[in-house]
Amino acid sequence: MKFTDAKVKALKPKEERYEEWEANGRGFGVRVSPKSRKSWIYMYRFKGASRRMTLGKFPAMTLAEAHAEHAEAKKKLDKGIDPGLERVNSNRHGRDASTIKGLVKEYIEKRSKNNKGWKEEKRILEKDIVPKWGNRKAEDIKRRDVILILDQIVDRGSPVMANRTLSALRRMFNFAIGRDIVRGSPCHPIERPGGKEEERDRHLNENETELFWLRLKDCAMTEGTKLALKFLLVTLQRKSEVAKAEWPEFDLESNWWTIPKEKTKNGLSHRVYLTQWARDLLSEIKALSGDSSFLFPSPRGGGRKPITTRSLSQALRKNQDVFGFDEAFAPHDLRRTASSHMTRNGIPREIVRKIINHREPGITKVYDRYGYDREKKNAMNKWDRVLRNILSREKTKIVNI
């Protein structure tokens with residue numbers, strides 16, 4: 001039988017379901033149910049076994065469209081792909097992705113993991129979004145749902161986290177629009193629930209820096225965490241770079257720490273000069289880390305994984321009373337503290353920027369490939385003297401670089 005839309009439409013139902021095959025159609029046919037429902041089908045053999053797949057329903061899918069689907073399935077078969085199995089897997093994936101739980105999984109795997117902060121974004125979505133919306137259809141989430149969940153986060157005293165959650169939701173729903181999972185984003189035009197976040201400028205003055213170092217020994221935290229916080233202040237590097245540091249990154253003969261680009265915020269490898277104080281700390285750190293490849297292995301990981309940046313933040317937050325400062329401080333403020341003391345003592349701001357590995361503005365970064373190792377070494381050695389001067393009762397003379 002040579003198919004036409006009219007001939008297919010004229011096929012009558014029978015007591016039992018039956019199939020008609022197009023002459024020389026290479027397995028292309030139509031199935032007719034007792035209730036006169038008609039579906040385009042393709043019968044084929046894959047690895048010696050007979051298989052069939054449904055291409056679509058008639059008349060929603062025309063004969064021409066069914067022929068095109070059949071031709072595409074044959075191409076896949078010629079390439080060694082089972083077109084029916086691929087269709088089943090694709091449909092299952094689509095059903096999963098239509099729920100919030102499935103969307104979060106697809107978003108993390110296909111988009112978020114390309115960004116450096118994906119683990120935090122995953123944590124945010126899995127903590128506050130999946131437990132409340134997990135089985136709901138993504139397209140059913142309304143603006144009011146988003147507002148209510150953000151209000152809950154603000155009410156528990158976490159306005160900044162509410163802002164972060166809104167940003168994560170915006171990115172995820174924009175991703176869902178691009179994947180044709182939803183038609184619009186429920187996050188537009190919601191304003192940041194935590195308000196504008198002021199840029200932090202907290203840093204420890206000389207007296208606070210001295211008290212931080214002295215009172216750290218009285219804090220209820222592991223010795224590894226105490227050393228990590230000291231190492232952060234001495235080297236000026238980001239808490240994530242310190243927390244995840246590994247021994248192969250350190251050359252203790254030349255006294256340089258090379259942070260691989262995979263661990264830096266700007267995606268560029270970064271060299272940090274190790275002062276005498278840094279090397280002394282490394283000796284203490286090695287005694288604690290043992291055979292682990294990480295400087296600061298997690299107490300729960302058996303040396304196979306590092307401590308988390310969150311553990312550093314939590315440790316300081318829980319011990320603020322020990323320090324007794326009027327204003328609380330966080331691990332990142334130690335980095336800012338060191339930078340402020342360096343510039344106050346005459347170290348050029350542009351060299352400090354090189355040391356803390358801030359991204360260069362404008363086109364300069366494209367052409368300036370000089371590593372500034374000599375300048376960074378001199379500046380770090382001066383920082384060593386500045387810090388000793390702050391922490392020692394016997395003030396030493398600080399010689400300009």
_Given Cβ point charges of +1 (Lys, Arg) and -1 (Asp, Glu) and nothing else, what value in debye, to the nearest 20, does the dipole of region 5-95 about its Cα centre take?_
260 debye
_Charge dipole (debye, nearest 20) of region 98-178; +1 at Cβ of Lys and Arg, -1 at Cβ of Asp and Glu_ = 220 debye
*Just 23, 162, 379 to compare: in a GNM of the chain, with alpha carbon springs under 10 Å, which one fluctuates most?*
23
*Tell me, what is the Rg over Rh of region 206-318, with Rh the Kirkwood radius over Cα pairs?*
0.94
_Lys pairs under 13 Å by Cα in region 5-95, provided they are eight or more residues apart or on distinct chains_ = 9
*Report, in degrees rounded to the nearest 10, the 0 to 90 angle that the Cα long axis of helix 83-97 makes with the longest principal axis of the chain.*
50 degrees
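Which entries in the list 244/377; 113/354; 105/318; 265/318; 217/318; 217/286 go over 25 Å, if you measure between the two C-alpha atoms of each?
Details: 244/377 23 Å; 113/354 28 Å; 105/318 33 Å; 265/318 27 Å; 217/318 14 Å; 217/286 18 Å.
Violating the 25 Å Cα-Cα cut-off are 113/354; 105/318; 265/318.
Using +1 on the beta carbon of Lys and Arg, -1 on that of Asp and Glu, and nothing else charged, what's the dipole of the chain about the Cα centre, debye to 20?
Value, rounded to 20: 1420 debye.
Based only on Cα atoms, what mean projected area does the convex hull of the chain have, in nm²?
Mean projected area of the Cα convex hull: 29.8 nm².
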_Taking the convex hull of Cα positions in region 98-178, its mean projected area over all directions (nm²)_ = 4.8 nm²
*Given the options 22, 284, 241, which has the most mean-square fluctuation in a GNM of the chain, springs set between C-alpha atoms less than 10 angstrom apart?*
22
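For each of 342, 161, count neighbouring Cβ atoms within 10 Å of the residue's Cβ, then give the residues from fewest to most.
On the way: 342 23, 161 18.
Lowest count first: 161, 342.
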*Helix-only [θ]222 nm of the chain, DSSP H runs n ≥ 4, -39500 (n - 2.57) each, per residue, nearest 500*: -14500 deg cm²/dmol
*Compute the acute angle (0 to 90°) between the alpha-carbon long axis of helix 143-155 and the principal axis of greatest extent of the alpha-carbon atoms of the chain; round to the nearest 10°.*
30 degrees
*Just the Cα atoms of region 51-194: what Rg and Dmax do they give in Å?*
19.3, 60
*Going by alpha carbons, how many degrees (0 to 90, nearest 10) lie between the helix axis of 331-344 and the longest principal axis of the chain?*
50 degrees
*If you take the charge dipole of the chain about its Cα centre, with +1 on Lys and Arg Cβ and -1 on Asp and Glu Cβ, which of 48, 250, 168 is farthest toward its positive end?*
48
*Intensity falloff of region 186-272 expressed as log10 I(q)/I(0), Debye formula with alpha-carbon point scatterers, at q = 0.16, 0.17, 0.19 Å⁻¹*: -0.86, -0.91, -1.00
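Computed over the Cα atoms of region 5-95, what is the ratio Rg over Rh, Rh following Kirkwood?
Numbers: Rg = 13.5 Å, Rh = 13.8 Å.
Result for region 5-95 is an Rg/Rh of 0.98.
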*So which trypsin sites (Lys or Arg not before Pro) in region 18-70 end up in coil per DSSP with only 11 or fewer other C-beta atoms within 10 Å?*
35, 47
*Give the Debye-formula value of log10 I(q)/I(0) at each listed q (0.13, 0.26 Å⁻¹), with one equal scatterer per alpha carbon of region 119-159, two decimals each.*
-0.29, -1.02
_Dipole-positive endmost among 102, 147, 112 within region 98-178 (Cβ charges, Cα centre)_ = 112
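Report relative contact order for region 5-95 in percent, whole number only (criteria: Cα-Cα under 8 Å, sequence separation at least 6). Kindly include the intermediate steps, with their values, before the conclusion.
Numbers: 108 pairs, mean separation 16.1, N = 91.
It rounds to 18 percent for region 5-95.
All of the numbers you see were taken from the coordinates with simple rules; none came from a lab. Computed from a prediction, not measured in an experiment: that's the story for all the values here. Methodologically, a virtual Cβ is constructed for each residue, glycine included, from the backbone with ideal geometry; neighbour enumeration extends over all protein chains shown.
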